[in-house]
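Read the structure below first, then the notes.
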C-alpha cells in the first residue's frame, strides 16, 4: 500500500485538516507531504495545475482536489468502513448544502478577521458571528450535525476549529459566550482521536496568523 | 425511494434552474414548475430557502433541496433506478466531474458574468481574455473526461454536461453583447461540437431559451449605463 495514497497539505490549512480527519475515520494510511502553497512546488503544480492549492489527495498517482470533494471520494472508495455521508439522499443533500454554506460564508470573513484592521475587520466580525449563529441554529440540540453520528458536516466545520482561537483573539469575542451549543458540540468532536490528531495547535495558528497579518499589511 | 409530489421553484431564464429541470427530464419525473416573477421573491421561495433566498428550490414531498448542483445530485440519488445515471459510476470520475462543475461555477461563470458587468473597453477585454483562458481549460477537461465519447459523461449527458451546458443560452447572449465569439470552433473544437449535441438532447431542447428572448431579459438584468 506504500505510495498508493499521498496527501499534499500545509499544516495550518483548515481544508487539509478535514481530509486528515476523514482518512483517520476510515483508518486509511497515507504519506503526508508538507507543501507550502505560497511556494508552488513542482509536484503541487503537476497535481493541481488549475488552482495550485492544497490539499491534494493523490490516489494511485491520480489527484483529487478540493477538500469536500476529497471527503466524498474517500467515503466512496473506502465504503466498507465508517460512513462519512448519510445514506439517505435528502440527508445527504442537507449535509452538502451546509458544507457549501460553510465554505461560501465563513472563509472570507474569517480571513478578514485576522487579515484586516479597522472598519473592514469590524464588518468581518459581524458577518462571521451571524453565520456561526446560523450554523448553531442548524445544529440545534443534535449530538452532531449528522444526528447521532459524526460525519461529513461535522468534519467540514471542525476543519476550522484550530482557527477559532485566532478568530476570538483578533475579533475580540468569546466563542463559548456567543455560541454555547456549538462549543459543546466542539467538545464532543474533540473526544474523537481522528479530530484531535488532524488539528493544528491553536496557539501556533495564532502565531501564523500574526505572520500573515504582517505579510498583508494589517500589522 | 421516497414517492411524493415534486415542485420546482424557478425561472425560465435561470441557468441554475435549468440544471434541475434537465435532471428531472432525464429521470422522466413530472413536476409542478412554479415560475417566479422577475423582481420579486415568492413567499414559498423565502420559506423554502431562508438561508440564500434563491432559486432553484426543489420541493420533494414537502422537503426543500437548494443549490442547483446539490439538487442534481439529489435527483440522481432519490430516483436512482429511473433513467440513466447522472453522476459517473466510478469514484474518481465522480470527483473529476464535481471538480470541474465547481470550476464552472467558481471561476468560469464569474469571468463570463464580468463581461456583462464590465465598465469600459479595457475591463471588457480583460474579462474576455479570462473567459477564453478558462474555456480552454474546459476544452481540455472535455477531452479527458469524454474519452472519445460525445459528452463529458460519456454516451449520455451527465452532471458536468448539465453544469456547463445550462450556460449555453447565456453564453450566446454574452457573445452578442461583447460582439466577440466566446465558443470558437477553431480554438475549442471539441466543446463547440459538444454544445450542439447538448442543445439537441431531448432532455435539454425544450428548456433552452431562445437567444433573442434571453438577450432582451439580459438587458433588464444588466442595464447599460446611460451615455
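Since every read-out is calculated from the coordinates, none of them should be taken as a lab result. In this text the structure is predicted, and so the values were computed from the model without any measurement. Note that we place each Cβ from the backbone using ideal geometry, even for glycine, and neighbour counts take in every protein chain shown.
For a quick check: sort B:130, A:34, B:122 by the number of other beta carbons within 10 angstrom, fewest at the front.
Values: B:130 17, A:34 12, B:122 9.
Exposure proxy ranking, most exposed first: B:122, A:34, B:130.
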Response to the item:
For the pair residue B:121 and residue B:193, the simple spin-label estimate (label points 7 Å beyond Cα toward Cβ) gives in nm 3.7 nm
Response to the item:
residue A:81 and residue A:134 label points (each 7 Å along its Cα→Cβ direction) are spaced in nm at 3.5 nm
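Hey, what number do you get for chain A at 222 nm if only DSSP H runs of n ≥ 4 count, each worth -39500 (n - 2.57), divided across all residues, to the nearest 500? The partial results should precede the final answer.
Values: 12 runs with 126 residues, N = 219.
For chain A, the value works out to -17000 deg cm²/dmol.
By counting other Cβ atoms within 10 Å of each Cβ, how are B:145, A:65 ranked from fewest to most?
Working: B:145 21, A:65 25.
The most exposed by this proxy come first: B:145, A:65.
Quick one: if the Förster radius is 30 Å, what FRET efficiency do residue A:29 and residue A:190 give, using the C-beta to C-beta distance and rounding to 0.05?
Result of the calculation: an efficiency of 0.85.
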Fill in: Within the protein assembly as shown, percent of DSSP bridges classed antiparallel, to nearest 5
70 percent
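Please work out the FRET efficiency for the pair residue A:52 and residue B:222, using the Cβ-Cβ distance as r and a Förster radius of 25 Å; give the result to the nearest 0.05. Please report the intermediate quantities before stating the final value.
On the way: r = 32 Å, r/R0 = 1.27.
Rounded to the nearest 0.05, the efficiency is 0.20.
Would you mind getting me the FRET efficiency between residue B:184 and residue A:111? Use the beta-carbon distance for r and R0 = 35 Å, nearest 0.05. Write out the running numbers ahead of the final one.
On the way: r = 37 Å, r/R0 = 1.05.
Once the sixth-power term is evaluated, E becomes 0.45.
Given the DSSP H assignment, sum -39500 (n - 2.57) over each helix run of at least 4 residues in chain B and divide by its residue total; what's the result at 222 nm in deg cm²/dmol, nearest 500?
On the way: 10 runs with 118 residues, N = 227.
The helix-only estimate for chain B comes to -16000 deg cm²/dmol at 222 nm.
Averaging sequence separations of C-alpha pairs under 8 Å and six or more residues apart, then dividing by the length of region B:91-221, give the relative contact order as a whole percent.
Values: 112 pairs, mean separation 31.4, N = 131.
Result for region B:91-221 is 24 percent.
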